[in-house]
Amino acid sequence: MTKLIVDGREVEVPAEYTLLQACEAGGAEIPRFCFHERLSIAGNCRMCLIEVKGNPKPQASCAMAVRDLRPGPNGEPPVLNTNTPMVKKAREGVMEFLLINHPLDCPICDQGGECDLQDQAMAYGVDTSRFHENKRAVEDKYLGPLVKTSMNRCIHCTRCVRFITEIAGVADLGAIGRGEDMEITTYLEHAMRSELQGNVVDLCPVGALTAKPWALQYRPWEFAKTESIDVMDGLGSAIRVDSRGREVMRILPRINDDVNEEWISDKTRHVVDGLRTQRLDKPYLRGPDGKLRVVSWRETFAAIKSRIDAAKPERIGAIAGEVASVEEMFALKLLMEQLGSRHIDAREDGSALHPRFGRASYVFNARIAGIEEADAILLVGVNPRRDAAVLNARIRKRWRMGNLRIGVIGERADLTYPYEYLGAGGQSLASVVTDGGDFASAFRAAKKPLLIIGRGALAGAGGLAQLGLAARAAKSLNLVREGWNGFCVLSATASLVGALDIGFAPSEGALDARAMAKAGALDCVYLLGADAIDVAPGAFVIYQGTHGDRGAHRADVILPGAAYTEKSGTYVNTEGRVQMSDRAVFPPGDGRDDWAILRGLSGALGKPLPFDSLSALRKALYGRYPHLAQINAIAPQEGNAALESLAKLDLAESDPAVSSAPYAQSEGDYYLSNAIARASRVMAQCAELARGPAAIAAE
């Protein structure tokens, strides 16, 4: 630690701090436009000027480190001043230059009310300008369907360029020209190709980059702001839902250094319009003519009761979808128990993950923040850029720190960082353990190695064998050691870990999701927002969900539920962190909370569930699973026990697991992965752009 004098106060800060960070640690407020804690230092805007005693001119505090300061003649600590007349005059001059070419269009700018330039001009600028010449004019650029440009407002802070290059890993933005002729551009006028590009709007300190889907639709002071959790993937990113009246208007990130830092994916941010379109807002019942008609809740429950009463318990099953919260899955599990059915599952993709092997067998044991400690990473059957774009940015962040080797077994894809391709299937994983090789040697020698296995390896018939094979590899490579568990499962859906935590999975002898969907397997199937599985004709299908998607098209009865922004719910992310979302708006029409629908149905069936409120439901939930009451906490789990359990799996009949057969490739479209996203026009535009002209022409 280094001692400094900041505005007369003595502080101690790390030597690697910039002067800007040191001054803020001492309680001073330093204005800035180009500096950002998670980006490299550019020193472009010069707004952070301070006075360093001994220097005749003001110093850009973001571009100088504490270790670069010299003590006084007699060894006194360096002295920094942030509010002297020289500093005040320097900042006023910088602000005057920044505003020379900035247009006076605050009344029509979407950044108005949230603009750093507005705030700092008021705090550090002057009330007049000495510039009377013509302002420059810059042509707006096309950046794709998500980011709108007004380049006349750009102050060349280059935050967007640094983010896209450093964090997102896609060199789509840069600067051309010099001085007043400098412009931020994509060079060839193509759309940005990153799944994280929407974050440049948050980073832009002026109104040069704004959100195109929301353009000219709101003012920020109109919103009610609700803290919530994202459900577009298994990461559980911290988000803020901004609503106006009964409508969600936008979704922004919240800072959570343990999960998403301050970034969110474009699907998380821009799926908003999907919450409003193709919504189920009334109960429906399919009539004798095969057409769905609007009915009352009473008629709907009566139809369900008649079919369930006619079916045997062993011919009834339930499947939960990928955005279901823990509360509704728990309620559905209790209902199935009272009906005498053991056929429950939340693994629509046929994943091999199961709670019987222990919690450490299906969570990201090293934790998301632990990626930054890893010194070797092996990706097995996973495409983190698709399954968890923000987590992929964390891997890239660790790669940029240096001294990291990354190996990939499975799909060969552009992950935004270099890696060693080791093979396509289980045989390659086995060879890493048995045959050795350069990467295997480095992986064994690593102090904190990380094996990340995903749905490409775990889904389908050979998934269980692949899970056992990965566990054996983890044991052989000593991934679980004192203070470190490098065996990590990346869950791609928001509901999976929570479902496994409460045992929403088939017990011994019960049918899994894919078996339930087969013809003749069951007489009655309950789909709780399950849209990724096709139930064969013959069964009576009850669909409870939010959108007129695949599940609703197959359903005989439709029960309108609440989307994740319309209810309070618990979600458990891929690392096992328990998080809770809050209600931002109410569901449309006759839509109801999902737990309330299940409670009402249980009463109509003559088997009422033991709760009448959400608080009573959670009390019962916490009674059975106490760790779910610890919000934002991760319950400890025994990694070695899980590996031992998995390693004992009988792999005698798993020849495909160690054959040259490749792991499953990513299915479907990243931007259209769930019912909410498929209802979004913005996501459809992104999907079309991602496929490219050649793919569209081939279709």
For Ser615 and Ala510, extending 7 Å from Cα along the Cα-Cβ vector and measuring point to point gives, in nm, a value of 3.1
Ignoring ligands, DNA and RNA, what percent of the accessible area of segment 490-587 is carbon or sulfur (1.4 Å)? 50
Surface/4 of the Cα convex hull for segment 145-211, nm²: 4.1
Value of relative contact order over segment 161-223, rounded to a whole percent, pairs C-alpha under 8 Å and six or more apart: 23
Rg over Rh [alpha-carbon atoms, Kirkwood Rh] for segment 1-76: 0.94
Dipole magnitude of segment 437-565, debye to nearest 20 (Cβ charges: Lys/Arg +1, Asp/Glu -1, about Cα centre): 660
Take the alpha carbon gyration tensor of segment 551-623, find the square roots of its eigenvalues, order them as a ≥ b ≥ c, and report rounded if a/c is under 1.5; if not, report prolate when a/b exceeds b/c, else oblate. oblate
With bins of 10 Å, the percent of all Cα-Cα pairs of segment 15-132 per bin from 0 is 12, 41, 31, 12, 3, 0
Cα-based reach from Lys518 at 20 Å (exclusive), listing lysines while leaving out same-chain residues under 8 positions away: Lys312
Whole-number Å³ per residue for the convex hull built on Cα positions in segment 338-450: 143
Solvent-free Debye scattering, log10 I(q)/I(0), computed from the Cα coordinates of segment 50-205 at q = 0.10, 0.18, 0.21 Å⁻¹: -0.49, -1.18, -1.36
Give the share of C-alpha pairs in each 10 angstrom bin for segment 504-554, from 0 to the last occupied bin, in whole percents, shortest bins first. 26, 55, 17, 1
Compute the acute angle (0 to 90°) between the alpha-carbon long axis of helix 326-339 and the principal axis of greatest extent of the alpha-carbon atoms of the chain; round to the nearest 10°. 0
Contact order normalised by length for segment 398-496, with contacts defined as Cα pairs under 8 Å and 6 or more residues apart; what percent is it? 24
Sort Lys312, Lys397, Lys53 by heavy-atom solvent-accessible area, probe 1.4 angstrom, most to least. Lys53, Lys312, Lys397
For segment 284-406, what is the per residue volume of the convex hull drawn over the alpha-carbon atoms, in cubic angstrom? 174
With all protein chains present, segment 364-448 has a carbon and sulfur share of its accessible area (1.4 Å probe) in percent of 44
To the nearest 0.05, the calculated FRET efficiency linking Met401 and Val170 through their beta-carbon distance, R0 being 25 Å, is 0.85
Based on Cα positions only, what radius of gyration and what Dmax would you give for segment 500-600, in angstroms? 15.0, 42
Return the long-range amide H neighbours of Arg481 (sequence gap of 5 or more, or a different chain), with a cut-off of under 5 Å between placed amide H atoms. Gly486
Quick one: if you stick a label point 7 Å off each Cα along the C-beta vector at Asp7 and Lys53, how many nm between them? 1.7
Along the charge dipole of the chain, which of Leu404, Ala430, Ile597 sits closest to the positive end, that is, farthest toward it, with unit charges on the beta carbon of Lys, Arg, Asp and Glu (+1, +1, -1, -1)? Ile597
Sorting Trp595, Trp484 on solvent-accessible surface, 1.4 Å probe, most exposed first, gives Trp595, Trp484
Would you kindly state how much longer the chain becomes between Ala302 and Cys106 on full extension, computed as 0.36 nm times their sequence separation minus their alpha carbon distance, in nm to one decimal? 64.8 nm
Any number yet on Rg/Rh for segment 441-489, C-alpha, Kirkwood? 1.01
Debye, to nearest 20: dipole size of segment 216-347, +1 on Lys, Arg Cβ, -1 on Asp, Glu Cβ: 840
Tell me the volume per residue, in Å³, of the convex hull enclosing the alpha carbons of segment 120-275. 150
Work out how much length Ala635 to Ala445 would gain on full extension: take 0.36 nm times their residue separation and subtract the Cα-Cα distance, in nm to one decimal. 65.5 nm
quick note, the chain, DSSP beta bridge pairs, % antiparallel (nearest 5) is 55
What accessible area per residue comes out for the chain, rounded to a whole number of Å², with a 1.4 Å probe? 41
Starting from 0.36 nm per residue, how many nanometres of slack lie between Ser645 and Glu92 once their C-alpha separation is accounted for? 192.4 nm
Which values, in whole Å and largest first, are the semi-axes of the equivalent ellipsoid of the chain obtained as the square root of 5 times each eigenvalue of the Cα gyration tensor? 48, 32, 23
Where chymotrypsin sites (Phe, Trp or Tyr not before Pro) fall in DSSP loop in segment 118-156, at most 13 other Cβ within 10 Å: Phe131
Can you give the FRET efficiency to the nearest 0.05 for Arg681 and Thr128, using r as the Cβ-Cβ distance and R₀ = 45 Å? 0.45
Projected-area mean, segment 36-78, by convex hull of Cα positions, square nanometres: 3.6
Each label point is 7 Å from the Cα along the Cα-to-Cβ direction; what then is the distance between the points at Asp289 and Arg254, in nm? 4.9
How much of the accessible area of segment 106-247, probe 1.4 Å, is carbon plus sulfur, in whole percent? 51
Charges on Cβ only, +1 for Lys and Arg, -1 for Asp and Glu, centred on the Cα centroid of the chain; of Pro31, Ile368, Thr416, which one is farthest towards the dipole's positive end? Ile368
Theoretical FRET efficiency, 1/(1+(r/R0)^6), r = Cβ-Cβ of Glu139 and Ser40, R0 22 Å, to 0.05: 0.20
Normalized C-alpha radius of gyration of segment 369-429, against 2.2 N^0.38 Å? 1.05
Could you give the C-alpha radius of gyration of segment 404-454 expressed as a fraction of 2.2 N^0.38 Å, taking N as the number of residues it contains? 1.10
Determine how large the accessible area of Asp68 is when every protein chain is in place; take a 1.4 Å probe and give Å² rounded to the nearest 10. 90
Just to compare against my own numbers: the Cα pair-distance distribution for segment 376-515, 5 Å bins, whole % per bin, please. 2, 9, 18, 23, 20, 14, 8, 4, 1, 0
Please tell me the relative contact order of segment 153-197 in percent, rounded to the nearest whole number, where contacts are Cα pairs under 8 Å and at least six residues apart. 34
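The values are calculated or read from the model by the stated rules, or taken from the named source; none is laboratory data. No experiment lies behind these values; they were computed from the predicted model shown. Every residue, glycine among them, receives a Cβ derived from its backbone with ideal geometry; neighbour counts consider all protein chains shown. Quick note on the areas: whole protein, heavy atoms, side chains included, nothing else; ligands and nucleic acids left out. Shrake-Rupley method; radii C 1.70, N 1.55, O 1.52, S 1.80 Å.
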